[in-house]
1. For segment B:1-68, give the magnitude of the charge dipole about the Cα centre (Cβ charges: +1 Lys/Arg, -1 Asp/Glu; no others), in debye to the nearest 20.
2. How much accessible area per residue does the protein assembly as shown have, in Å², with a 1.4 Å probe?
3. First measure r as the distance between the Cβ atoms of C:Leu252 and C:Val153, then evaluate 1/(1 + (r/R0)^6) with R0 = 25 Å and state the FRET efficiency to the nearest 0.05.
4. Using only atoms on other chains, find how many Cβ atoms lie within 10 Å of each Cβ of peptide A:76-88 and report the average.
5. Looking at segment C:487-551, which GluC sites (Glu not before Pro) are DSSP coil and have at most 15 other C-beta atoms within 10 Å of their C-beta?
6. Tell me the GluC sites (Glu not before Pro) within segment A:92-187 that lie in a loop according to DSSP and have at most 15 other beta-carbon atoms within 10 Å.
7. Would you mind classifying segment A:50-107 by shape? Square roots of the alpha carbon gyration tensor eigenvalues, ordered a ≥ b ≥ c; an a/c under 1.5 is rounded, otherwise it is prolate if a/b is larger than b/c and oblate if not.
8. Taking 60 Å as R0, compute the FRET efficiency from the Cβ-Cβ separation of C:Asn479 and C:Val105 and round it to 0.05.
Amino acid sequence: MSQPILEVHDLSLSFSRKKVLDRLEFSLRRGEWAVIAGRNGVGKSTLLRCLAGVLLPDAGAVARSPEACPAKTGFISDRLSLFEDLTIGQAVAFHRRVFAIDDFDDRLLGRLGVKQKERIRSLSAGERAILHLSLVLSQKPSLLLVDEVLHMLDPYIRDLFIEALIEAMTAQETAVLTVNHTFSEIERLPERVLVMEEGRFVVDETPEALRGMMKKVVCRGPLPNGLPCFFSKGEGEYKEYFIYPFSEDLRAAHALDFQDIALPEIIKAFIGGGYEQKRMA
Amino acid sequence: MNLTIDAKSPLPAYQQVIQAIKLEILSGGLRDGDPLPSIRDLAKLLKLNPNTVAKAYYALAADGFSENRSGSGSIVRVPPGRRDHLRQAMLEGEFRNFLEKAVSLGFSLEDITQLIARAKK
Amino acid sequence: MNRKEWREVGGQCLYFVLALAAMALLLKGVDLLMGVMGFVQSKPLEGEKLIIILGAWLLMFSMFLGLSPFAMDSKQKGMEYLLTLPYSRRRLLIIKFMPRLAAIVLFYLAFVLLYGSMGNGALAGGFTIFSLAYFALFFISFSLAVVDENFIVQSIWAGIALCGYTVICLYIVFLGFSWKFGMPSSWFGSNLWQDLSYDPPTLLSAIAVFLLIAAPFLASFFLAFKKFDLKPSRAFNRRHLRIFAPLLLLALAGSLGVTYLVQKSSAYDEADFHILGDQRLLKISFAGKLTLYEETGRQRIKITGLISWEPLLLEQKERLFLSGFDSKDETRFIGCLSLADLSWRILHRCPNRYVVIPGYQGFRYDGESFVYLRRSRAEAERPGLDNDPVVRTEDMELVRVDPAGGKERTIAFKNPLFNRYYEPNFIGSDVLNGLRFWLVAHKWHHVLRLWEDGRVEDLGLSKGIPAYAGGLLFTRGDNSLKVLRLLASGSETVKEISGDFKVNVFFNRSLAIGNVREIYVERNKRIVRIDLATLAVDDVAPDRGHIWMTSSGEFYYVEFETWPGGANDKWKKLYRLQDSKRVFLKQFDFNDDGYGHIFVDTCGVILRQVKMKNSTVSRTRTRAFAFPDLHELRFTGLN
């Protein structure tokens, strides 16, 4: 699990004269599950596309270990791009031929009850996502890049999706990199949380560490001095203050109730903070 | 087997897994020689990262409560004498939690003793 | 993925074939199309129409196939998926390219078979151009396959690129022509395509140019594609352009170089040479240049204008009269070059509103003045064939220009024969009873006598081009030569000599050949002498060459080694014909300098040798020999 499967150095990419990725540094190890979070339009999908080879960087390098070659990299974009005129059977056959896949596990598709003759164009988003996932997993990938697709899926398909990912991780030690907004069902899955802002990662921690580093205080009136408030929310009497970086001596110094917050809220705070910084810039 | 992970709990997920499995062993749900669910199955069930489950299993094995059978997963081991020791440790843990909670609510030691006496009846 | 591409391409081909079939049915009324395409001059055959329609359709198909490699993927929203497949960008492009190239080639071969089976070579030059355009269009369109997300915009860019490409290629080809012929490129008109296919060097260099200029499009695309991704096309286009520009410059340099080398080495200098009375040599290049050669050197005579010269009109003491056509204002003129100081002045210019008949070498000298026929341009340029009913008026003008001062006098003539297309040629001039007349041979060799006072006399028909000498008109009948004496009015037949006659010596610019006593003509493949006084016919020798008559009325005979002359001939012999005898003068050996042509005139003989290599002119050599002893004249810088 310790060898890096992907190493990104100094990655820069501009899109329509806007710098989207700015000397981004990042590495991923075998079997690691990292999640990328950030506000809309910050460049998460762009980064994923860059790692998948769909977009090419202006500067910097993406170093892949030999096991993360293009044939062993799976990419599911939020556009769920496939050849829409093909039927499911044709798409599977095409994918198998191109990637030289001997056996194709169609249990996932079977659970949806879709017919081989149906055209991709007529599938729902969820069915397409599962199809895409089946195709990509049949490659036995060692690197999986999944853009934000979970929110498109109904709860049952979402479950199937996540279970399939877990299966891949146990079977192949697949490294998984996902982009997520919603964390409701997957908050225990990522081992690393990366928050993207201004074209690079501003946070790169384990969820446990993050939970230790950010606490919430709800009180009336302003916050006492000396507390590093990263982000505050609320218009009324009671405001939510997110303290980051938090340390235990702050608990001793101030007689406040520092609440533990779960990962989704931490992420939300980071995103909110990002918006605030953008407003002030 | 009753296994849920409390997201709000300050306890990291893998520790919760360890606790839950130890509870099962204590309550007799898991006996010596029973197979533990595969990492894959448990991860899928609990929506946990397989590494997390692996970590828990590793800790269990280190503690002596499981044995790794290469190829066919892990099986439960209840080392002789460890069961009682475990029971003791778990109770102590719960008791400490109870005390902390009571103190934070403002109860004194006498109040707590009275509560226990009343419960005995 | 190949299977997918082949299937896609196959579908597109099928679509096109079906569309073509539908269009063919719809276009039963093809005359409408012909009007639109402007094929006014002649009515092409059915087969030609079909070929042209098919050709146009194939060009569109070529462009479509070139622009569309990513169209289906984009339409199916599978571009992102496509880029995640385990192919390098280069491999991806090749997978896209190969099936389409194969389809293009297959359709082309089918078209060639169809074209060949129709046995129609009339479009030969055009077919080469079509083939080049067809492939170039595919390559150029393919290189623009991702220039924009919008297909319409793509097509517009392809159209612009193709126009630019065609203009550049044509410009280089025209430039090559101008290098080859030493003429400015503005000379070359719409006959380019026919000319292309008949001149191997031009054709080969044109093909090279078209391919060389198309190459940068495709090469730069393949090179730039390495960095292709889903960013807006502007970024990729910029990169593509940065690679394309230097490659294009390279291709331009290469094309110019190839064209220059090929055309210069097969340069063809069409020229007339004249040995002047002072034994200097005048070279009149068709391509507007006059050069005077002396033993010590040569001198270019600069005359402004875009002139195509005609052979020498008249040499008088110290003065040369030259005629030519000035493309700048499209007028024909007579000019005078002073041999003393090489000064030049225009003696007479036929106004643009008239057309000199018959055009080239229309000016003649009748012993007294320069003379030519003309009619109004509007009349002359009206389209129409010989068989059309009355197309023009019956008017024709004769203009006389005084060599001394350029004063002109015009006589207007009217005759029904003038309303047809065919143009009259002068064959002689004389004075009878104080009145001058000119003889012209007209359509189907009607011989007309145009009198100074405006009368037109029809002297009858001649089965071949007639001749006039010593007051006698020689016309040809079926297997006979009719000799007529011209009277004050009409003519009388003096003699009819039977035999298969060829009378073709009387084409000098001067109509005044002085007092000749005898003429030499060919009868039944033999040289015979006709005494102009007695009209006695004497056999001289077998005719295995050409009979020449100089402007001073002397006859010469050039004998060929083999008749009618072969590329392996090694010599030609020159004889003087006099008093029924042929006197051997000189043998001209060709050596290794190529087949030689002999030109005989008053002052001497010109030998022009043209050496061919692979059916192109590799070098020319000119030698001059002066009468009376035919010693060779040496000129610096002649060869």
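The values are calculated or read from the model by the stated rules, or taken from the named source; none is laboratory data. Predicted model, so just to flag it, every value in this text is computed and none were measured. Please note: Cβ atoms are built from the backbone with ideal geometry, for glycine as well, and neighbour counts cover all protein chains shown. Quick note on the areas: whole protein, heavy atoms, side chains included, nothing else; ligands and nucleic acids left out. Shrake-Rupley method; radii C 1.70, N 1.55, O 1.52, S 1.80 Å.
1. Details: 7 positive and 7 negative charges, 64 e Å.
With only Lys, Arg, Asp and Glu charged at Cβ, the dipole is about 300 debye.
2. Working: 49930 Å² over 1041 residues.
On a per-residue basis, 48 Å².
3. On the way: r = 27 Å, r/R0 = 1.07.
After rounding to 0.05, the efficiency reads 0.40.
4. Values: counts 1, 4, 1, 5, 3, 11, 6, 10, 5, 6, 3, 0, 0.
Mean inter-chain Cβ contacts per residue within 10 Å come to 4.
5. Numbers: sites: C:Glu492, C:Glu496, C:Glu518, C:Glu522; in loops: none.
Qualifying residues, ordered by number: none.
6. Values: sites: A:Glu118, A:Glu127, A:Glu148, A:Glu163, A:Glu167, A:Glu173, A:Glu185, A:Glu187; in loops: A:Glu118, A:Glu148, A:Glu173, A:Glu185, A:Glu187.
For GluC sites (Glu not before Pro) across segment A:92-187 that sit outside H, G, I, E and B with at most 15 neighbouring Cβ atoms in 10 Å, the list reads A:Glu118, A:Glu185.
7. Details: a/c = 2.94, a/b = 1.63, b/c = 1.81.
It comes out oblate by the Cα gyration axes.
8. On the way: r = 58 Å, r/R0 = 0.97.
Rounded to the nearest 0.05, the efficiency is 0.55.
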